[in-house]
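Here the structure comes first, spelled out in structure tokens, and everything after it is commentary.
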Amino acid sequence: MFDPSVTIFESTQNQLAESPLWHPMLNTFFWVDINKKLLLSKKIHSESQLKTVNMPDTLSAIAWIDEQHLLLGTSTGLYKYHINSSTRHLILNIENTQLNRRSNDGRADPWGGFWLSTMDVNAKKGDGKIYRYYKHQLKAVVSGLSIPNGLCFDKPRLRGYYCDSLTSCIYVLDLDEQTGEPCSEPHVFYQFNNTDVDPDGCVTDQLGNLWLAVWGMGCVICLSPDGELIKTIKLCAIKPTCTAFGGENAELLLVTSAFDESINNTVTEQGAVFKISGIKNGQFEPPVLL
């Protein structure tokens with residue numbers, strides 16, 4: 001398939017880095033640190049400076065809208081964020097009155113919608129949900145989850161994927177061709193035999209392969225649209241969290257990770273952002289249409 005080369009893109013030690021996003025109009029990589037309530041960004045060149053912006057609430061998911069704006073998914077709702085001024089405008093609240101709740105994973109879909117998962121702050125079983133925001137309407141599309149992750153989409157096959165990390169399982173939904181609305185009950189796409197494995201963030205390439213960060217296993221795996229294991233790429237971080245394609249031609253796979261207190265503190269790769277070179281079928285994330 002290819003011989004991957006793994007290097008560190010940004011060595012800053014994030015506590016819980018998530019939601020990697022390449023903005024194709026700005027050639028800039030964005031991600032969040034959930035625990036520190038930070039939005040971070042950096043150009044792909046090694047000499048570029050890291051930019052950090054503090055948030056008033058827990059930020060967990062981002063997408064791009066246009067050259068000037070991001071969509072933010074936080075513990076209080078969805079916001080339109082102006083990149084240069086660092087100002088944000090509330091679009092709508094989501095579960096903002098429930099103090100035991102927070103947002104988790106999120107990603108734009110190819111129809112211009114945005115999917116955002118929520119969960120109990122202590123990962124209470126069955127309390128997780130997935131929402132879809134589309135054409136100014138918010139709809140809960142999946143419920144009864146615990147740690148909902150792995151939101152990603154395969155438009156040619158009309159599929160939407162998500163994980164429940166607690167069940168060590170990846171699920172798939174059929175999506176409507178015109179609207180991207182779920183039109184089936186979810187069913188199992190891939191079940192890990194080891195139930196201690198936690199599938200986390202995921203992205204699809206142009207061929208419909210899934211590139212999944214496996215929390216606790218220190219690797220990214222690639223699964224075919226038929227659920228066959230194609231590739232395993234080892235990382236220095238034990239807890240990779242999510243994947244995103246980036247670079248001028250989507251030739252890179254960028255991987256966020258979390259800090260693991262059980263690892264010797266001299267192992268600085270924990271919580272870093274990694275760059276995997278040599279991807280041949282990457283694709284950019286679509287914008288959210290507001």
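The values are calculated or read from the model by the stated rules, or taken from the named source; none is laboratory data. Values in this document were obtained by computation on a predicted structure and should not be read as measured data. Counting neighbours? That spans all protein chains shown, and the Cβs are built from the backbone with ideal geometry, glycine included. Keep in mind that these areas ignore ligands, DNA and RNA; they rest on the heavy atoms of the full protein, side chains included. Shrake-Rupley method; radii C 1.70, N 1.55, O 1.52, S 1.80 Å.
Taken over the stretch 216-239, the residue count meeting the criterion of being in a loop (DSSP other than H, G, I, E, B) and either at negative phi or of a type outside the set (G, A, S) (or both) is 10.
Scanning the stretch 101-118 for residues that are touching a helix residue (DSSP H, G or I) at 6+ places or on another chain (Cβ under 9 Å) and at pLDDT 95 or above turns up nothing. The set of residues in the stretch 163-178 being under 20 Å from T195 (Cβ atoms), among the aliphatic types (A, V, I, L, M) and surrounded by fewer than 22 Cβ atoms within 10 Å (Cβ to Cβ) consists of L166, V172. Inspection of the stretch 240-254 identifies no residue that is part of a strand (DSSP E or B), of a type in the set (F, W, Y) and within 22 Å of K36 (Cα to Cα).
Those residues that are under 19 Å from D105 (Cα atoms) and modelled with pLDDT under 95, I need them from the stretch 182-198; list them, please. The answer is V197, D198. Take the conditions (1) assigned to a strand (DSSP E or B); (2) open to solvent by 50 Å² or more (accessible area, probe 1.4 Å); (3) among the small types (G, A, S); G160 misses just one of them, which is (2). For the stretch 166-181, the count of residues that are in a loop (DSSP other than H, G, I, E, B), modelled with pLDDT of 95 or more, touching a strand residue (DSSP E or B) at 6+ places or on another chain (Cβ under 9 Å) and β-branched (V, I, T) is at least one. From the list K155, K129, the one residue that fits, being of a type in the set (K, R), open to solvent by 10 Å² or more (accessible area, probe 1.4 Å) and without any contact (Cβ under 8 Å) to a residue 40 or more places away in the chain, is K129. If you go through the stretch 223-237 one residue at a time, do you hit one that is within 25 Å of G73 (Cα to Cα) and touching a residue at least 12 places away in the same chain (Cβ under 8 Å)? Scanning the stretch 223-237 turns up no residue that is within 25 Å of G73 (Cα to Cα) and touching a residue at least 12 places away in the same chain (Cβ under 8 Å). Of all positions in the stretch 282-289, at least one carries a residue that is acidic (D, E) and within 18 Å of W22 (Cβ to Cβ). Counting only strands (runs of 3 or more DSSP E) that fall entirely inside the stretch 57-118 and contain at least 3 residues that are open to solvent by less than 50 Å² (accessible area, probe 1.4 Å), the qualifying elements are 59-64, 69-74, 77-82, 101-108.
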